[in-house]
Amino acid sequence: MIKKILITGSSGQIGSELVMALRNIYGGENVIASDLCPNVSEKIKASGPFEQLNVLDKGTIADVIDKYKVDAIVHLAAILSAVGEKNPMLALNVNIKGMLYVLELAREKKIKRVLIPSSIAVFGPTTPVDNTPQETILRPTTMYGITKVTGELLADYYVANYGMDIRGLRYPGIISNETLPGGGTTDYAVAIYYDAVKYGKYECFLSENTMLPMMYMPDCLKATVDLFQADFSKLKHYSNFNVGAFSVTPKLIAESIKKYMPGFEITYKTDFRQAIADSWPNSIDDSCAREEWGWKPSFDLDAMTQDMLKVIGEKHKQGLI
Ligand code: NAD
Ligand code: SER
């Protein structure tokens with residue numbers, strides 16, 4: 001029975017919503033939010049503990065684990081693909097060293113469960129692009145992808161050699177409306193909704209027919225919580241579950257927005273992120289996640305578009321964006 005969960009990188013796009021989802025299940029006091037950045041939202045501050053924590057500082061991670069008697073860790077702190085290509089050594093350092101400290105402390109302190117997300121960035125230009133299988137070629141060309149493949153292999157090493165419970169899933173691009181994404185290649189799929197509401201138009205940094213797998217945040221939270229709570233003894237994979245929801249291009253998202261905002265306009269001006277997107281799959285085969293822990297997404301593109309426009313439209317009316 002898990003009692004105290006530490007979340008690293010909790011102020012990011014996923015962490016800011018996952019903290020609240022886990023606090024609703026495990027209780028506010030039992031989910032310790034932590035991030036390098038000391039600025040924390042009122043919601044997270046008011047609903048449970050927060051610690052400023054650099055995952056490159058092993059001593060402080062150890063102190064926080066001891067202080068709260070942590071018995072599970074969700075390790076989200078990372079540098080994403082676009083920022084990682086601008087600063088590859090930072091991505092290497094944070095993503096590998098930070099993860100290694102978490103794994104080593106989990107081993108030393110007999111932490112019961114660790115969840116570490118991976119990404120579709122583990123795939124590369126030689127991977128089959130359509131319905132990309134669970135087991136396939138992993139030769140990414142980004143530093144971010146290299147750190148994520150290494151992370152998956154390290155996690156499986158700790159499972160195999162130390163008998164630890166470590167889980168992970170390869171998120172596709174995550175689309176949400178609470179916290180802006182932290183510098184990935186799929187960020188356009190969030191920015192397009194904000195700009196649609198604010199300006200009625202969007203200039204996209206990927207080309208119109210760039211197809212990528214995506215997922216709406218409620219499904220991301222469901223997938224994460226479901227894998228976190230899955231019976232480990234029933235899993236055949238551990239750190240690397242493919243999870244999919246739907247695949248889209250900028251043009252398809254624009255068409256979906258136009259159904260509700262007929263005047264919306266999109267233009268295209270590609271940048272360095274196009275090459276990253278071109279190295280990733282079009283769509284994902286997530287049958288192992290479906291079979292092993294019952295994964296099933298709820299949102300498709302149009303359902304997500306309606307919800308995104310409603311929530312972001314409300315924020316705009318209130319002057320929050
Ligand atoms: P994000 O960039 O929004 O948030 C990352 C957080 O980590 C930030 O709040 C940042 O301040 C923090 N951080 C950075 N360096 C740190 C350090 N040294 N110590 C402590 N905290 C530090 O990222 P996210 O989108 O929330 O991603 C969370 C996880 O999910 C990452 O492992 C990421 O690779 C993975 N993932 C995300 C997506 C996506 O589309 N959002 C897709 C695939 C995988
Ligand atoms: N959304 C992430 C990125 O674009 C994929 O891991 O970096």
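For the range 234-284 and the range 57-122, what is the separation of their Cα centres, given in Å? Distance between centres, Cα-based: 26 Å.
What percent does the relative contact order of the chain come to when contacts are Cα pairs within less than 8 Å and at least six residues apart?
Details: 634 pairs, mean separation 57.5, N = 321.
So the answer I get is 18 percent.
Modelled spin-label separation between GLU135 and ASN161, with each label point placed 7 Å from Cα along the Cα-to-Cβ direction: 2.2 nm.
A cut-off under 10 angstrom between Cβ atoms defines the neighbours of VAL122, and their net charge, with Lys, Arg +1 and Asp, Glu -1, is +2.
Spin-label pair LYS198-LYS234: with each label point 7 Å from Cα along the Cα-Cβ axis, the two points sit 4.4 nm from one another.
Among beta bridges from DSSP that stay inside the chain, the antiparallel ones total about 10%. Cross-link partners of LYS258 among aspartates and glutamates, defined as those whose alpha carbon lies under 19 angstrom from its own and excluding same-chain residues fewer than eight positions apart: ASP195, GLU203, GLU208, ASP300, ASP302, ASP307, GLU314. Once you list every other residue whose beta carbon is under 15 Å from the beta carbon of PRO38, what net charge do they have if Lys and Arg are +1 and Asp and Glu are -1? Computed value for this residue: -3. For the chain, hydrophobic long helices are taken as DSSP H runs at least 30 Å long by C-alpha position along their axis with mean Kyte-Doolittle hydropathy of -1.0 or more; none is present.
Tell me the carbon and sulfur percent of the accessible area for the range 73-206, rounded to whole percent, probe radius 1.4 Å.
Solvent-exposed carbon and sulfur of the range 73-206 make up 55 percent of the total.
Working ranking of peptides 62-70, 202-210 by packing, defined as the average number of other Cβ atoms within 10 Å per residue, highest first, is 202-210, 62-70. Ignoring aspartates and glutamates fewer than eight residues from LYS58 along the same chain, the ones with Cα atoms less than 13 angstrom from its Cα are ASP66, GLU104, GLU108. Descending by average beta-carbon neighbour count within 10 Å, the peptides 249-259, 162-172, 33-43 line up as 162-172, 249-259, 33-43, the highest first.
Available extension along the chain between VAL225 and TYR26 is 70.5 nm, counting 0.36 nm per residue and deducting the alpha carbon span.
The values are calculated or read from the model by the stated rules, or taken from the named source; none is laboratory data. Treat the numbers as computed from the prediction; the structure is a model and nothing was measured. Cβ coordinates were reconstructed from backbone atoms using ideal geometry, including for glycine residues, and neighbour counts include every protein chain displayed. Areas reflect the complete protein model, heavy atoms only, side chains present, ligands, DNA and RNA absent. Shrake-Rupley method; radii C 1.70, N 1.55, O 1.52, S 1.80 Å.
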